[in-house]
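S.K.: Here it is: the structure, laid out below.
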Amino acid sequence: MGSLLLMALAGLLAGGAISFRQQRLPKWSAIVFWILAGMSLLAAYLLTLGPAE
């Protein structure tokens, strides 16, 4: 369930990054949103792996 929420968060962040680019806002804001979206997807993937033994 947690990984699904993180993937949804990544989608929202990616949408925000695209929106910021279309609005001609500073480039760093879109870059930060893309980085956060990538980190969210990475966290979702790591949650699917389960505990390390």
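S.K.: Could you go through the range 41-50 and let me know if any residue there is open to solvent by less than 100 Å² (accessible area, probe 1.4 Å), small (G, A, S) and touching a helix residue (DSSP H, G or I) at 6+ places or on another chain (Cβ under 6 Å).
M.R.: Yes, the range 41-50 contains a residue that is open to solvent by less than 100 Å² (accessible area, probe 1.4 Å), small (G, A, S) and touching a helix residue (DSSP H, G or I) at 6+ places or on another chain (Cβ under 6 Å).
Residues are listed down the side, and each one gets a yes or a no for (1) at pLDDT below 95; (2) among the acidic types (D, E):
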| residue | (1), (2) |
| --- | --- |
| G2 | yes, no |
| F20 | yes, no |
| L25 | yes, no |
| A30 | yes, no |
| I35 | no, no |
| Y45 | yes, no |
| G50 | yes, no |
| E53 | yes, yes |
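The values are calculated or read from the model by the stated rules, or taken from the named source; none is laboratory data. Here the structure is a predicted model, which is why all the values come from computation and not from measurement. All Cβ positions, even for glycine, are placed from backbone atoms using ideal geometry, and neighbour counts span all protein chains on display. Just the protein is used for accessible areas: all its heavy atoms, side chains included, with ligands, DNA and RNA removed. Shrake-Rupley method; radii C 1.70, N 1.55, O 1.52, S 1.80 Å.
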